[in-house]
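We did not get these values from a lab; they are worked out from the coordinates using the rules stated. All values derive from a computational prediction rather than experimental measurement.
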Amino acid sequence: MSEYVAGLDVCITQERLPMTVKAFCKVCRGEKCIILNQDLSDEKKYEAVEHELQHLANNDLDSPVAVAQIEERLKQLFSK
């Protein structure tokens, strides 16, 4: 199931993913998308959406920086 959330300008889809993957984001046909792990609790889904929205807002998908560095930067932002 996919749902476009106009207020966030993003399409959110829930799919079965390995439990090690909470969510990920991508741009598909020019549309920003977040793919959520359908097996997460509602609280964890909200946290994952917030995290992925930060990636989209920071244009992390186009960044030459390593994923580990991007994730560490976000972890520091959320811990403040």
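Quick rundown of the values:
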quantity	calculated
Gain upon complete extension [Asp39, Val21; 0.36 nm per residue less C-alpha separation]	5.4 nm
Top of Glu15, Glu43, Glu52 by mean-square fluctuation, Gaussian network on the chain, Cα under 10 Å	Glu43
Length gained when the stretch Gln54-Val5 is fully extended (0.36 nm per residue, less Cα-Cα span)	16.1 nm
Long-range amide H partners of Gln14 with built H, under 5 Å	Leu36
Stokes-Einstein D in µm²/s, Kirkwood radius over Cα pairs - region 1-42 at 20 °C with 1.002 mPa s viscosity	202 µm²/s
Cα radius of gyration and Dmax for the chain (Å)	12.4, 35
Built amide H within the under 5 Å cut-off of Lys32, gap 5+	Cys11
Residue-averaged [θ]222 nm for the chain, counting only DSSP H segments that reach four residues, each worth -39500 (n - 2.57)	-12000 deg cm²/dmol
